[in-house]
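See structure below.
The values are calculated or read from the model by the stated rules, or taken from the named source; none is laboratory data. These figures come from a predicted structure and were not determined experimentally. Please note: Cβ atoms are built from the backbone with ideal geometry, for glycine as well, and neighbour counts cover all protein chains shown. Note: accessible area is taken over every heavy atom of the protein model, side chains too, but ligands, DNA and RNA are not part of it. Shrake-Rupley method; radii C 1.70, N 1.55, O 1.52, S 1.80 Å.
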Amino acid sequence: MLKHQNIWAMSLLASAVMLSACQPQKAEPKPEEKTEVKPAEKPDQSMKLIGDTEELNLNMPECDGNSCPEISIERLSSNQSFIDQYIDDEILKELGQILSVEPAQQQEPSASSEADATSAAQSALAQVETPKIKLEKQTAPYMQAFGKLDQELKALSSAQKISLMIKPKILNAELPLATVVLNSSSYLGGAHGSSAQQYYNFDIQAKKLVTLDQIIEPKQRGTLDKKAHEAFKVWVTDSKLADSVSEYEQAWKFKLSNNYYLGKDGLILQYAEYEIGPYVVGLPRLTIPYDQLKGILKPQYFPAAEQKPASEVQAKS
C-alpha cells in the first residue's frame, strides 16, 4: 500500500513539473532607457542691439539749497561697442552745443581736477579705463562750464535753477535697422528751456550709421520731399496753426529733415525746435505711411506691419 502511495505522489509531482514547464515565461522587464537632455541652444543675439544705459559720475561742486543745479548724463552700454562709441561721441557734441567751453578749459585741467587725478593715480595704474570712465573724463570741461554758469547766475542774485539732461534709449533692437534716440533737455536761465531728439540708425551687420539718403532709392529724394511736404500741410491744418498753409509758410517754410527713424506706421521725420514752427509746437514729427513709400523706400526697409494714417506732431504741453 505504501508503495502505491509513493508512486501516486511521484506521478502528481511529475505532472506539476510538466504543467509549469508548459506555462509561457514572463519577459523580464527591460531597464528604462535614459533620454539625454541636451541644454537648449542660446539664440544668436549678434544681429540685435541689446543693452541699457548707465549714469556717469560727474564731478560737480557740493551744493545745498533749492536752487542747486541739476545735471544727469547717461551713456549706452550694449553688446554693440561700435554703437556705444558713436553715441558717446554724439553726447560730447551735444554738450558742446549746449555749453560754451573755453579753449583753456579743453586743454588745461583745473587745480581741483589735477588734485583728483593725482590722488586717483595710484589706484588708476591697476584700473583699466572703461568707456564709461573715458567719457566721464571727457565731460569734465563741460562740468566746469556748467558750474561756472551757475555761479555767474547766483552772483546776479538769480534764484533760477539750471539743469541739463542727456540720455540715450534703444528704440529698435532688430533688423532692418537698430535705432537709438538721444534725448536732451536743458534750462540755462531765460524764458524757457530747450529740448532735442536725435535718431541714429545703424546697420549692425555692416557696423555703420545709415543715413536717410541710403534707405531710399536713387533719385527719389525729390519724390520723398513732396510726400513729406503733403504730410506737413496736413499737420499745419490739423494743428490749426494758421488760416492757411501758404500763410504759415511765410514764417515757417517746410524743409525735409534728415533726422528719421522707421516707425511702426511709416517713415518718421523728426524736427528740432524752431525748425518748422514756433516754440509752442515743441518737437514736430511727420509720419509718411509705408503704403505711400512704394518705389521710394528700398524694399529691405519695409516692415510687415499694418499701415496707418498720415501725420502726427509731438507738442509741448
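Among residues belonging to the range 170-180 that are assigned to a strand (DSSP E or B) and open to solvent by less than 40 Å² (accessible area, probe 1.4 Å), point out the one that is farthest from GLN270 (Cα to Cα).
Going residue by residue through the range 170-180, those that are assigned to a strand (DSSP E or B) are 170-172, 178-180.
In the following step, the residues that additionally are open to solvent by less than 40 Å² (accessible area, probe 1.4 Å) were identified as 178-180.
Details: ALA178: 17, THR179: 13, VAL180: 13 Å.
Looking at residues that are assigned to a strand (DSSP E or B) and open to solvent by less than 40 Å² (accessible area, probe 1.4 Å), I get ALA178.
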Point to revise | Restricting the range 196-220 to residues that are open to solvent by 70 Å² or more (accessible area, probe 1.4 Å) and more than 27 Å from the chain's Cα centre (by Cα), the residue that is nearest to ASP84 (Cα to Cα) | key: PRO218
Practice item. Taking the residues in the range 181-195 that are over 20 Å from LEU267 (Cβ atoms) and in contact (Cβ under 8 Å) with a residue 60 or more places away in the chain as candidates, determine which candidate is surrounded by the fewest Cβ atoms within 10 Å (Cβ to Cβ). Key: HIS192
Check your understanding: How many of the residues making up the range 262-276 are hydroxyl-bearing (Ser, Thr, Tyr), surrounded by fewer than 16 Cβ atoms within 10 Å (Cβ to Cβ) and touching a residue at least 12 places away in the same chain (Cβ under 8 Å)?
Key -> 0
Practice item. Select from the range 152-169 the residues that are of a type outside the set (Gly, Ala, Ser), outside any loop (DSSP other than H, G, I, E, B) and open to solvent by 40 Å² or more (accessible area, probe 1.4 Å) and list them in ascending order. Key: GLU152, LYS154, MET165, LYS167, LYS169
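Among the residues of the range 97-111, is there at least one that is in contact with a Leu (Cβ under 7 Å, 6 or more places away or on another chain) and either within 23 Å of LEU149 (Cβ to Cβ) or modelled with pLDDT of 80 or more (or both)?
Taking the range 97-111 and keeping what is in contact with a Leu (Cβ under 7 Å, 6 or more places away or on another chain), we get 98.
Keeping just the survivors that are either within 23 Å of LEU149 (Cβ to Cβ) or modelled with pLDDT of 80 or more (or both) gives 98.
Checked against the condition, which is being in contact with a Leu (Cβ under 7 Å, 6 or more places away or on another chain) and either within 23 Å of LEU149 (Cβ to Cβ) or modelled with pLDDT of 80 or more (or both), the range 97-111 yields at least one hit.
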Check your understanding: How many residues does the range 181-210 hold that are in contact with a strand residue (DSSP E or B) (Cβ under 8 Å, 6 or more places away or on another chain) and in a loop (DSSP other than H, G, I, E, B)?
Key -> 4
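Scan the range 18-30 and give yes if some residue there is within 25 Å of ILE166 (Cα to Cα), open to solvent by 50 Å² or more (accessible area, probe 1.4 Å) and either at pLDDT 65 or above or of a type in the set (Asp, Glu) (or both), otherwise no.
Here is the first cut: in the range 18-30, the ones within 25 Å of ILE166 (Cα to Cα) are none.
No, that holds for no residue.
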**Study point:** Sole exception among (1) at pLDDT 95 or above; (2) closer than 24 Å to LEU171 by Cα; (3) not in a helix (DSSP H, G or I) for GLU306, by number
**Key:** (1)
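Restrict the check to the range 241-261 and report whether at least one residue is of a type in the set (Ser, Thr, Tyr), assigned to a loop (DSSP other than H, G, I, E, B) and open to solvent by less than 20 Å² (accessible area, probe 1.4 Å). Spell out the reasoning first.
Within the range 241-261, the subset of a type in the set (Ser, Thr, Tyr) is 244, 246, 248, 257, 260-261.
Checking which are assigned to a loop (DSSP other than H, G, I, E, B) leaves us with 244, 257.
Of the ones still in play, those that are also open to solvent by less than 20 Å² (accessible area, probe 1.4 Å) are 257.
Checking the range 241-261: at least one residue is of a type in the set (Ser, Thr, Tyr), assigned to a loop (DSSP other than H, G, I, E, B) and open to solvent by less than 20 Å² (accessible area, probe 1.4 Å).
Got a number for residues in the range 231-240 being within 30 Å of GLN300 (Cα to Cα) and open to solvent by 30 Å² or more (accessible area, probe 1.4 Å)? I'd like the intermediate steps shown before the answer.
Filtering the range 231-240 down to residues within 30 Å of GLN300 (Cα to Cα) leaves 231-235.
Still in the list and also open to solvent by 30 Å² or more (accessible area, probe 1.4 Å): 233-234.
Adding up the residues that qualify gives 2.
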